[in-house]
1. Out of all the residues in the range 71-106, which are in a helix (DSSP H, G or I), open to solvent by 10 Å² or more (accessible area, probe 1.4 Å) and touching a strand residue (DSSP E or B) at 6+ places or on another chain (Cβ under 6 Å)?
2. If you take the residues in the range 107-141 that are touching a residue at least 60 places away in the same chain (Cβ under 8 Å) and of a type outside the set (A, V, I, L, M), which one is most open to solvent (accessible area, probe 1.4 Å)?
3. Return the pair list, or none, for Cβ contacts closer than 7 Å from residues in the range 25-42 that are without any contact (Cβ under 8 Å) to a residue 40 or more places away in the chain to residues that are part of a helix (DSSP H, G or I) and open to solvent by 50 Å² or more (accessible area, probe 1.4 Å), at least 6 apart or on different chains.
4. Within the range 193-208, count every residue that is in contact (Cβ under 8 Å) with a residue 60 or more places away in the chain and either open to solvent by less than 50 Å² (accessible area, probe 1.4 Å) or among the polar types (S, T, N, Q) (or both).
5. Of everything in the range 26-49, what is over 19 Å from K78 (Cβ atoms) and part of a loop (DSSP other than H, G, I, E, B)? Give them in sequence order.
6. What tally of residues in the range 107-132 results from selecting those that are assigned to a strand (DSSP E or B) and over 13 Å from the mean Cα position of the chain (by Cα)?
Amino acid sequence: ALGMAKRAAKYEDPVLIVGETGTGKTMIARSIHGESPRWRGPFVEVNCSAIHENLAESELFGHARGAFSGAEKARSGKFRAAHGGTLFLDEVGDLSPAVQSKLLKALEDKEVTPVGSDASVPADARVLTATNRNIPEMIRQGLFRRDLYERLKVVVIELPPLRERREDIRPLAARFLAAWNARYGETRFLTEDALLALESYPWPGNIRELDNAVKS
């Protein structure tokens, strides 16, 4: 997956990252941004499942002052915040059909129209998305736009669960431990017995669970 991410980083095509929760989708997205020509620009991450449906359009595309009750000042939105860089939409399958339609238009036109405004604003961000949901099934159920799916999946990176790629456990554990030691000025290490124990565990929580285990 890291090799595919490095290849995808060279281009501007959208990338869809698919995998269970905790398989490292954000890590892959950050890797793509860091290796891309846009690496000097912002990396803006949005957890779509954490946005209230009524606020999703404003969160992504911004709003004009007075666009709705409580909108006392204008807001640029995440798309414009990522201008010149990368916008990573995690759990993109949780967006409503109305927001999906506006996202498709933003991808095609490289501009957004804030809520409550008639004027479009440039928003040149490379879009990376991720999901743990079955988008083709959602399309069959009428819950996700097929045209948006086709636009997002120009490049697809599938992340198998950690239990299916045990060869990654040691390098990942070393990476997490190195980050811990650098942050706190410590010299923690893992014994061979500890590493063997990590390799034999099924990791239902995937990379996130491994990271927590190494830190504990």
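1. Going through the range 71-106, the residues in a helix (DSSP H, G or I) turn out to be 78-81, 92-94, 97-106.
So of that shortlist, the ones also open to solvent by 10 Å² or more (accessible area, probe 1.4 Å) come out as 78, 80-81, 94, 97-98, 101-102, 104-105.
Residues satisfying the conditions are K78, A81.
2. N132
3. Listed pairs, sorted by first residue: S31/L2; E35/K6.
4. Taking the range 193-208 as the starting set, the residues that turn out to be in contact (Cβ under 8 Å) with a residue 60 or more places away in the chain are 205-208.
From what's left, either open to solvent by less than 50 Å² (accessible area, probe 1.4 Å) or among the polar types (S, T, N, Q) (or both): 205-207.
Count: 3.
5. Correct list: P37 only.
6. Residues meeting the conditions: 5.
Matching residues to (1) assigned to a helix (DSSP H, G or I); (2) β-branched (V, I, T); (3) under 24 Å from the mean Cα position of the chain (by Cα):
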residue: I139; (1), (2), (3): yes, yes, yes
residue: G142; (1), (2), (3): no, no, yes
residue: E150; (1), (2), (3): yes, no, yes
residue: I157; (1), (2), (3): no, yes, yes
residue: L172; (1), (2), (3): yes, no, yes
residue: N181; (1), (2), (3): yes, no, no
residue: R188; (1), (2), (3): no, no, no
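The values are calculated or read from the model by the stated rules, or taken from the named source; none is laboratory data. Fair warning: this is a prediction, and the values are worked out from it, not measured in the lab. Positions of Cβ are backbone-derived with ideal geometry, glycine not excepted, and every protein chain shown enters the neighbour counts. Note: areas computed on protein heavy atoms with side chains; ligands, DNA, RNA excluded. Shrake-Rupley method; radii C 1.70, N 1.55, O 1.52, S 1.80 Å.
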